[in-house]
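See below for the structure under consideration.
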Amino acid sequence: MVSRENNRTVLHEKLQLLRSITHSRAMNKTSIIVDATKYIEDLKHKVDRLNQDMASAQSSTHQNPLPLVTVETLEKGFLINVLLERSCPGLLVSILEAFEELNLNVQEARVSCTDTFRLQAVGGENESIDGEVVKQSVLQAIKNWSEINAAED
C-alpha cells in the first residue's frame with residue numbers, strides 16, 4: 001500500500017516537472033502528456049530548420065568562400081598575404097592591377113593557384129599609403145573579380 005502511494009507521488013512529481021518544462025497549463029495527466037508531445041514536435045521542427053539553415057550556410061560558404069587578406073607594414077613596403085579556399089583563375093591579374101593603381105611595385109612574390117589561391121607578395125616604394133589602404137584595395141580587387149566571374153557563370 002505504501003509502495004503504491006510512493007509511486008503515485010513520484011508519478012505526480014514527474015508530471016509536474018514535465019508540465020513545467022513544456023510550459024503546459026494543463027492539470028490532468030492526459031493533457032500534460034499531449035502538451036509535452038506537441039512541445040517535442042515543435043523542438044523537432046526547430047532542429048530541422050536549424051540543420052537546413054546550417055547546410056545552406058555551409059554550401060554558400062563553399063561556393064563563395066571569404067578571402068583571408070593580411071597586410072603587414074615592413075620597413076620599406078608591405079608583406080601582403082591572400083588566401084582563398086579555391087582556385088581562382090584570373091584573380092592574380094586583378095590583384096596586380098590593384099597594386100599598379102596604388103603605384104606599389106612588387107619586389108618579390110610567391111603564388112599558388114592549384115587547389116587554393118595563395119599569394120605572398122612584398123611590395124614597396126610607395127610610402128604615401130598605409131597597410132589598411134593596401135588591404136582594402138586587394139579586397140576590392142577580389143570583390144570585383146568575383147562579380148565579373150559570377151556574371152560569366
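The values are calculated or read from the model by the stated rules, or taken from the named source; none is laboratory data. The shown structure was predicted, so the numbers you read here are calculated from the model rather than taken from an experiment. No Cβ is skipped: glycine too gets one built from the backbone with ideal geometry, and neighbour counts run over all protein chains shown. Quick note on the areas: whole protein, heavy atoms, side chains included, nothing else; ligands and nucleic acids left out. Shrake-Rupley method; radii C 1.70, N 1.55, O 1.52, S 1.80 Å.
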Exercise for the section: Working only within the range 21-36, note down all residues that are surrounded by 10 or more Cβ atoms within 10 Å (Cβ to Cβ) and assigned to a helix (DSSP H, G or I). Expected result: ILE21, LYS29, SER31, ILE32, ILE33, VAL34, ASP35, ALA36
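Sort out which residues of the range 94-126 are touching a Lys or Arg at 6+ places or on another chain (Cβ under 8 Å) and outside any strand (DSSP E or B), and write them in order of number.
Applying the first criterion (touching a Lys or Arg at 6+ places or on another chain (Cβ under 8 Å)) to the range 94-126 yields 110-112, 115-121, 124-125.
Residues satisfying the conditions are ASP115, THR116, GLU125.
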Problem - Candidate set: the range 107-125, residues that are open to solvent by less than 30 Å² (accessible area, probe 1.4 Å) and within 18 Å of GLU75 (Cβ to Cβ); chosen: the one modelled with the lowest pLDDT - result: GLY124
Exercise for the section: With the checklist (1) under 29 Å from the mean Cα position of the chain (by Cα); (2) over 30 Å from VAL133 (Cα atoms) in hand, flag the one item VAL71 doesn't pass. Expected result: (2)
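Each row is one residue, and each column tells you yes or no for (1) closer than 15 Å to LEU66 by Cβ; (2) not hydrophobic (A, V, I, L, M, F, W, C).
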| position | (1), (2) |
| --- | --- |
| LEU79 | no, no |
| LEU91 | yes, no |
| GLN107 | no, yes |
| ASP115 | no, yes |
| GLY124 | no, yes |
| ALA141 | yes, no |
| SER146 | yes, yes |
Problem - Matching option when the condition is under 23 Å from the mean Cα position of the chain (by Cα), modelled with pLDDT of 85 or more and open to solvent by less than 30 Å² (accessible area, probe 1.4 Å), among LEU83, LEU104, LEU139, LEU91 - result: LEU91
